[in-house]
Amino acid sequence: MFSSLRKQSVCSLNKTIQTCRYSQSPKVIKNVTTASMKRGTGGRSSFNGNVCTVFGATGFIGRYVVNRLGKIGTQIILPYRGDFYDCMRLKPAGDLGQIIFHPFDIRDEDSIRRCVKYSNIVVNLIGREYETKNFTFEDVHVKGARTLARICKESGVERFIHLSCLNANPNPKQLVLKSPSRYFISKWDGELAVRQEFPEATIIRPSDIYGQEDRFLMLYQSRWRHHLYNGVPLYKKGEVTEKQPVWIGDVASGIMAAIKDPESSGRTYQFVGPRRYKLADLVDWFMRILRREADNCMYRRMDLDYCPFFKLKVELTERLSPAYPLGQLSWQNLEREHTTDNIVKGLPMLEDLGVNPIVIDSQVLWELAPWRYDLAYQEYYGEYDDPPPPPHITATI
């Protein structure tokens, strides 16, 4: 009796396996190579079947994205320009042989084709916050993005992720500059160029991103950004500017979620933090964390319109800086800094990708701790109270 029952169970199991096997649609492999075959049980020491090229990996966002890709067993190709050793710090982000470096130039289409030849995913993180004599905003954000999208489409790349900015606009409002911001205009034109060449591309618009070695928190702790030793000039003292900064870890998680989600193709996402603040309140809070009140000159916010010597400092910094503006101090950066974050109603957010962004209150204390005034002083436990977080305001969409 037991043998007959066992035969019946085996037959039913075989029927179930055959039914499941034929009910599932077969996966069509476009590029039949060894790169298409998964290996291992998952994780860093495996190969998940994806080959990803990350342009702009040597920047601030790049190392977080590469680290996330390496953790799940992705083979990564990192194009670089300049010295090879500038990107060698990304080597431990993946297992042995999983990360490959390749030289390229944004104007050399053959080098780009070699970088995306075996890739099914391409992430474009290339961007400029200042112009140089070799590359303008138009060269990087528009022509470069168009070239990458076109070559990826011709090479059969399945997913293309393009990083833009939140306030990309063809007609940006003028605040500090006498003419509309070329940075915002070029970012908008870059989105249009990518859409024309690669309609299925996923475009991501992040707000100001904070994290280790960022260009948001580090801007205000830099002495070069200050005026008259400890004053911080802001447009209208920062009272009319509203910001929703987002943590770099949430941005990297959102990019990974967009790569995994096939429904994100052809969509534009806005990556912002969960709370909205006045820039004046944020800067006051940063300075309390940095304990700049303990300095000889008390911290104070100043109106940028009444700081002619600071404007002269910005002009000289732009003209005399050989490669990049000292302390990220330039007119274009000041315009970006004081532009209110504009959230477009109807566009998906981080939450639509399954990512719940953390509030800035729980992260900035740790990020700014190494930059506090008189850091060598060994304080007693409880000697200094953490400053209360700034009040947040309601976003108007």
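General remarks:
- Summed side-chain charge close to Ala57 - residues other than Ala57 whose Cβ falls under 13 Å, Lys, Arg +1, Asp, Glu -1: +4
- Greater than 29 Å apart at Cα, pairs in Lys153/Lys187; Lys278/Lys313; Lys153/Lys243; Lys173/Lys260; Lys91/Lys313: Lys153/Lys243; Lys173/Lys260; Lys91/Lys313
- Top of Glu213, Glu138, Glu197 by mean-square fluctuation, Gaussian network on the chain, Cα under 10 Å: Glu213
- A cut-off of 5 Å between modelled amide H atoms, ignoring neighbours fewer than 5 places along the same chain, links His102 with Leu78, Tyr80.
- Debye, to nearest 20: dipole size of the chain, +1 on Lys, Arg Cβ, -1 on Asp, Glu Cβ: 1580
- Each residue of the stretch 143-159 is assigned a 3J(HN,Hα), and the resulting list reads 5, x, 5, 4, 4, 4, 5, 5, 5, 5, 5, 5, 8, x, 5, 7, 10 Hz, derived from the Karplus form 6.51 cos²θ - 1.76 cosθ + 1.60 (θ = phi - 60°), x at Gly and Pro.
- If you look at the Cα atoms of the stretch 158-215, you get an Rg and a Dmax of 13.3, 42 Å.
- In summary, the aspartates and glutamates within cross-link reach of Lys71, defined as a Cα separation below 13 angstrom excluding same-chain residues under 8 places away, comprise Asp95.
- Sequence-distant aspartates and glutamates (8 or more away, or on other chains) whose Cα lies within less than 13 Å of Lys133: Glu318
- When all protein chains stay in place and ligands, DNA and RNA are ignored, the 1.4 Å accessible-area order of Arg336, Arg292, largest first, is Arg336, Arg292.
- Percent of C-alpha pairs per 10 Å bin in the stretch 259-397, short distances first: 8, 26, 31, 24, 9, 1.
- The residues of the chain expose, per residue, 52 Å² of accessible area to a 1.4 Å probe.
- Accessible area of Asp281 in the full protein assembly, 1.4 Å probe (Å², nearest 10): 40
- Range of Cα positions in the chain per principal axis (Å), largest first: 92, 53, 43
- Most to least packed among 370-380, 234-244 [average Cβ atoms within 10 Å]: 234-244, 370-380
The values are calculated or read from the model by the stated rules, or taken from the named source; none is laboratory data. On a predicted model such as this, the values are computed, not experimentally measured, just so you know. FYI the Cβ positions are ideal-geometry reconstructions off the backbone, even for glycines, and counts take in every protein chain you see. Note: accessible area is taken over every heavy atom of the protein model, side chains too, but ligands, DNA and RNA are not part of it. Shrake-Rupley method; radii C 1.70, N 1.55, O 1.52, S 1.80 Å.
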